[in-house]
1. What is the residue count in segment 42-78 for residues that are closer than 9 Å to residue 13 by Cα and in contact with a His (Cβ under 6 Å, 6 or more places away or on another chain)?
2. Of the numbered conditions (1) surrounded by fewer than 14 Cβ atoms within 10 Å (Cβ to Cβ); (2) in a strand (DSSP E or B); (3) out of contact with any Lys or Arg (no Cβ under 8 Å at 6 or more places or on another chain), residue 77 fails exactly one; give the number of that condition.
3. Could you go through segment 91-104 and let me know if any residue there is in contact with a strand residue (DSSP E or B) (Cβ under 8 Å, 6 or more places away or on another chain) and open to solvent by 40 Å² or more (accessible area, probe 1.4 Å).
4. Tally up the residues in segment 30-69 that are of a type in the set (Asp, Glu), loosely packed, with under 14 Cβ neighbours inside 10 Å and either part of a strand (DSSP E or B) or under 14 Å from the mean Cα position of the chain (by Cα) (or both), please.
5. Can we say residue 109 is farther than 26 Å from residue 20 by Cβ, touching a residue at least 40 places away in the same chain (Cβ under 8 Å), open to solvent by 60 Å² or more (accessible area, probe 1.4 Å) and charged (D, E, K, R)?
Amino acid sequence: MPPPAALLALSHVAVRAADLDRSCAFYRDALGFAEHCRLNDLRTGKLMLVCFKVSDAQWIEIFAGRGPGDNVMHQVAFRVGNVEAIRAVLAERGAPVPARTPTGQMGNRNFVVADPDGQ
């Protein structure tokens, strides 16, 4: 079954870092990506993630905190034309999606869906 037509591109990849400062130094100093923003956890106020700009439309997000047994990969996100249409198509195809599409901390409308392996 082909992907929904409104999937446009890869938006970002997010990873979990055991040492956020060391990981940020790698993406900034070794790879040369510019830091775009930092977000704090709204519940605790602690630094949650650092975003690095790959292009005008693509990012790498580095999440603070990875413990033993945690996956390094946190998420892969896609840019879409119509988030509600994608949500509806995924629901029709049996994917576990939320009943509505919320607006995230950065102001973008988004939802999370996991593949069969929980990614």
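The values are calculated or read from the model by the stated rules, or taken from the named source; none is laboratory data. Note that the structure is a prediction, hence the values are computed from the model and not measured. Because the Cβ atoms are built from the backbone with ideal geometry, glycine has one as well, and the counts that use them run over all protein chains shown. To get the accessible areas, we keep the full protein, side chains included, count just its heavy atoms, and leave off ligands, DNA and RNA. Shrake-Rupley method; radii C 1.70, N 1.55, O 1.52, S 1.80 Å.
1. 3
2. (1)
3. yes
4. 1
5. The answer is no for residue 109.
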